[in-house]
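Step one of this worksheet: look at the structure below.
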Amino acid sequence: MTPRAPAPQPPELLLIEDTPSLQMLYRAVLNKAGYRVICAESGATGRAKFDIHRPPVVVLDLMLPDMDGMTLIDDMLANAPKTRIIVITADGTVDRAIDATRKGAYDFLVKPLGDMRLVTAVSAAMTEYRAQARYSGTLGGELPDLGKAFFSGPSDSVAKLLKEIGAVARSCVPLVILGERGCGKRAVAELVHQHSARAAKPFVAVDCAMQTGPALEEALFGTEASPQAHPRLGALARAHGGTLLIAQPEAMEPALQLRLLAALQSGLVATGQGGASSACDVRLICATRQHPAADMQAGRLTEEFYYQCCVIPLHVPPLAARRDDIVPLALNLVAALARAEGKHFSRISDAGAEKLRTRPWPGNLRELINVLRHAVILHDGPELGVAMLPDCPALTEATPTAQTLEEAMKGLSMAEIERRAFLAALMRHDGSVPRAARELDIAPSTLYRRRDVLAQFTQ
């Protein structure tokens, strides 16, 4: 028997450049750096190849013979929002490149390009994309694009929420979306944006619990120009004209809360040491797990931020409070997950549906997605049966019942003691890796590497 040749690996990078000599040069540099590259010489060809391969990173020349690069950015990000797009521009059109970053481009490069600058930009984009993919696979990460699936079902609580969304979407008043971990707060924020007058402008989200200190400040306000790099726009500038979602604002340092508030009030955000500033007309939406009044009383939120940024609350019900919606939601999600995995599920058995309806769902929609993903990956349809669904794990083992620490650790290996300590810290901080890491006095990356702990916490 002749051994079967291994299937070719999908490309990691799409290069859209209409000048043949530059395309050849860029491709050679990127190939030498170890990247699998496909090329396109026009916007139409690039769009077609993007649809087929969905590469994580796109390097795009803004000046194309058949299409405006800005239109192509909008099109690609509308279909694959997590794609990292690096735009290339001529020295005299840097303003267009900055506009591209406002539309969601990851970075921009100015011709003529140095080999190292090109490889460094691609490497940073690829690293961030892979980190987000790992986080999504381990923690459940961001919820998939639920679209209408999130709001399917007959429950009164969702009907009430939809009515409230319709009312608040027409105004520009700051909102605060309240709900348990993983219940779909971002999906609600996106629906508010889609039904507002700002729908054609960017929707940008920042999770304050996922980055701290200077990293969070850079995420919000960007970085200044330096001899080594161009300035990078922060979330405030990129969301200009649209909506900015701030998740878990209570994790933001008080001084940063006040700086954010000042930028929102003035409509300007500084972009460099020379006093230059950029417009930041945004509609602010905050998302958090408990009413921000409690965080204000505990000193985690400043009074100024609370009274000006947490005006109208929207309550997102937990999955356990909308049990009539669980099976319609699951059917939509199973279909989407099956398409992504090349499987063929079209229905859920009666016993499977009953198990889904009666499960406690402490992890809400993220837990539902993880449970269904588990079933779809390990089995095939057309029917999702009760035996395919994993049982609900008990997380109470993270809290020792022994009276002393010595008794709690008796008979346990060092690895198990460490695992339980990590899990308990995550539970105390509602899954926030940075805050759990600060309590344990370790680097957040140490926790991110412990996939066994993170996977158990989010099941």
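Within the stretch 105-114, the only residue that satisfies the criterion of being in contact (Cβ under 8 Å) with a residue 12 or more places away in the chain and surrounded by fewer than 15 Cβ atoms within 10 Å (Cβ to Cβ) is Lys111.
The residues of the stretch 321-372 that are under 24 Å from the mean Cα position of the chain (by Cα), polar (S, T, N, Q) and closer than 20 Å to Ser155 by Cα, listed by number, are Asn332, Asn364.
Go through the stretch 56-77 and report how many residues are surrounded by 19 or more Cβ atoms within 10 Å (Cβ to Cβ) and closer than 23 Å to Arg238 by Cα.
11
Of the residues Arg102, Arg117, Arg130, Arg134, only one is at pLDDT 75 or above and either surrounded by fewer than 14 Cβ atoms within 10 Å (Cβ to Cβ) or over 22 Å from Thr45 (Cα atoms) (or both); which?
The conditions single out Arg117.
If the condition is being aliphatic (A, V, I, L, M), surrounded by fewer than 20 Cβ atoms within 10 Å (Cβ to Cβ) and part of a loop (DSSP other than H, G, I, E, B), then the stretch 280-323 contributes Ala298, Val311.
State whether the residues of the stretch 176-192 include one that is touching a residue at least 24 places away in the same chain (Cβ under 8 Å), surrounded by fewer than 18 Cβ atoms within 10 Å (Cβ to Cβ), on the phi < 0 side of the Ramachandran plot and not in a helix (DSSP H, G or I). No, the stretch 176-192 contains no residue that is touching a residue at least 24 places away in the same chain (Cβ under 8 Å), surrounded by fewer than 18 Cβ atoms within 10 Å (Cβ to Cβ), on the phi < 0 side of the Ramachandran plot and not in a helix (DSSP H, G or I). How many of the residues making up the stretch 339-372 are within 27 Å of Arg289 (Cα to Cα), in a helix (DSSP H, G or I) and modelled with pLDDT under 85? Here the count works out to 6.
Selection over the stretch 224-263 of residues that are modelled with pLDDT under 85, over 23 Å from the mean Cα position of the chain (by Cα) and not hydroxyl-bearing (Ser, Thr, Tyr) gives a count of 6.
The values are calculated or read from the model by the stated rules, or taken from the named source; none is laboratory data. These numbers were taken from a predicted model, which means no experiment stands behind them. Glycine gets a Cβ as well: all are built from the backbone with ideal geometry, and neighbour counts include every protein chain shown.
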